[in-house]
Amino acid sequence: MTNLSKTAPAPAPTSSRPSGSRLLRMLARKGTPTNVFVAVILIAAGIWASSAGPFVSLIGQSCAIFAIAFSGGAFMALGAFTGGLLARAGVTNFFVIIIASLVVGAVVGLIAGLPGLRFRGLYLLLSSIALQFIVNSLTQNYQNAVDQPGFVLPPLIIGSVDFSSGTPLYLLLVVVLLLVYAGIAAVERTGVGLAWKALRESEVAAAMTGVDVVRWKLYAFAASGAVTGMAGALFAYWVGRADAASYGLDLTISIVTMLYIGGIRSRLGAILGAVIITALPYFLQSQVSSWLNNAGINFSFYLNNQSEIDAALFSLLFLLVVLFEPGGIMSLLGKLESWLRGLGRARSTRKRDDA
């Protein structure tokens with residue numbers, strides 16, 4: 001006779017921990033508080049820039065463009081001239097120009113990556129600067145032969161909305177930046193991202209684990225060239241034309257300085273560095289000069305020699321970072337976080353001992 005009184009299977013145990021507990025555990029992870037702090041600061045600054053007037057909006061637009069750019073002025077010049085040449089040929093569609101700049105940047109990045117396979121560290125940076133000279137010379141000579149003032153881009157109009165300037169342009173650039181950021185974050189969680197991370201840590205170790213070093217390095221060059229080419233097209237839209245003089249060596253040095261100052265191994269660090277380096281001259285020009293003048297201190301020397309002083313200041317910041325904090329501001333904030341954690345643990349230990 002079948003026993004009908006069998007005990008029913010016990011329900012699967014459910015987690016009794018509230019969602020707040022999971023949030024606290026996440027915040028307890030090393031580096032998370034630093035990333036959250038920087039993200040909150042950047043978001044607050046972005047929201048403020050969207051409503052603080054035309055001047056601040058202009059600074060915000062510049063910050064967003066340089067935050068998108070990752071490799072240097074050479075690829076930005078290619079993206080800008082791609083947009084300018086298409087506009088000269090009668091193409092006015094924003095998406096066509098952006099996609100074309102992505103493709104051109106990717107192709108040239110792939111080609112430029114072939115000699116770059118033999119270089120690492122400082123030598124790779126020097127090869128990038130050599131590429132900058134080549135591209136700048138070609139674009140400048142072509143511009144002089146075809147259209148000396150530069151190639152004018154059409155107004156940035158999508159549908160019935162004019163994104164050519166002001167808050168609409170700023171919001172569009174922020175949206176593009178967020179899409180690029182989200183795309184990179186998503187790729188880093190895939191096999192592609194893991195391969196790139198392994199290459200960044202050690203190419204020898206990556207090869208020993210089966211990573212095709214040549215292929216994945218070329219893919220990295222192509223991806224970087226594509227994103228930076230798009231940033232160049234956006235920069236051309238921002239200034240209204242593609243002009244070779246805007247994409248010289250000083251632009252490459254500025255972008256490299258942004259990356260190192262913010263933190264070359266951090267996505268948030270790249271954005272933070274772009275904001276600092278882009279906004280600092282405007283801050284010195286508009287705010288610091290006003291404060292000093294009100295205090296009776298003559299600040300005209302800086303205002304009359306702003307380009308040279310800014311270049312010297314950025315060079316000094318770059319040297320200080322390389323010498324004393326190669327990980328940039330993000331690394332410095334991470335060390336501060338570790339110090340605060342150690343201080344908290346020490347206090348907890350003292351309280352337990354006193355009890």
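The values are calculated or read from the model by the stated rules, or taken from the named source; none is laboratory data. Values in this document were obtained by computation on a predicted structure and should not be read as measured data. Note: ideal-geometry Cβ built from the backbone for every residue, glycine included; neighbour counts use all protein chains shown. For the accessible areas, the whole protein counts, side chains as well, though only heavy atoms, and no ligand, DNA or RNA atoms are used. Shrake-Rupley method; radii C 1.70, N 1.55, O 1.52, S 1.80 Å.
Below, the figures for the structure above:
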| item | result |
| --- | --- |
| Farthest positive-ward along region 117-248 dipole, Cα basis, beta-carbon charges - from 179, 226, 198 | 198 |
| Rg/Rg_ref, region 161-268, where Rg_ref = 2.2 N^0.38 Å and atoms are Cα | 1.29 |
| Approximate spin-label separation residue 88-residue 353, in nm, with each point projected 7 Å along Cα-to-Cβ | 7.5 |
| Relative contact order of the chain, pairs being alpha-carbon contacts under 8 Å that are 6 or more residues apart, as % | 27 |
| Size of electric dipole in the chain: Cβ of Lys, Arg +1 and of Asp, Glu -1, about Cα centre, debye, nearest 20 | 1820 |
| Inter-site label distance for residue 158 and residue 288 at 7 Å from Cα along Cβ, in nm | 3.6 |
| Relative contact order of region 230-338, pairs being alpha-carbon contacts under 8 Å that are 6 or more residues apart, as % | 31 |
| Alpha carbon Rg of the chain, scaled by the compact-globule rule 2.2 N^0.38 Å | 1.21 |
| Average silhouette area of region 143-187, convex hull of alpha-carbon atoms, in square nanometres | 5.3 |
| Under 18 Å from the residue 111 label point (7 Å along Cα→beta-carbon), backbone N, region 127-150 | 127-143 |
| Rounded percent of accessible protein surface that carbon and sulfur make up, the chain, 1.4 Å probe | 67 |
| Rounded tilt (10° steps) of 73-88 against the dominant C-alpha axis of the chain | 60 |
| Gain on full stretching of the segment that runs from residue 212 to residue 182 - 0.36 nm per residue minus C-alpha separation | 8.2 nm |
| Table column - 3J(HN,Hα) (Hz), region 228-233, Karplus curve with 6.51, -1.76, 1.60, x for Gly and Pro | 6, x, 4, 4, x, 5 |
| With Cα atoms, 0 to 90° folded angle of helix 166-188 axis to the chain main axis | 50 |
| Using alpha-carbon coordinates, inclination of helix 191-201 to the longest axis of the chain, degrees | 80 |
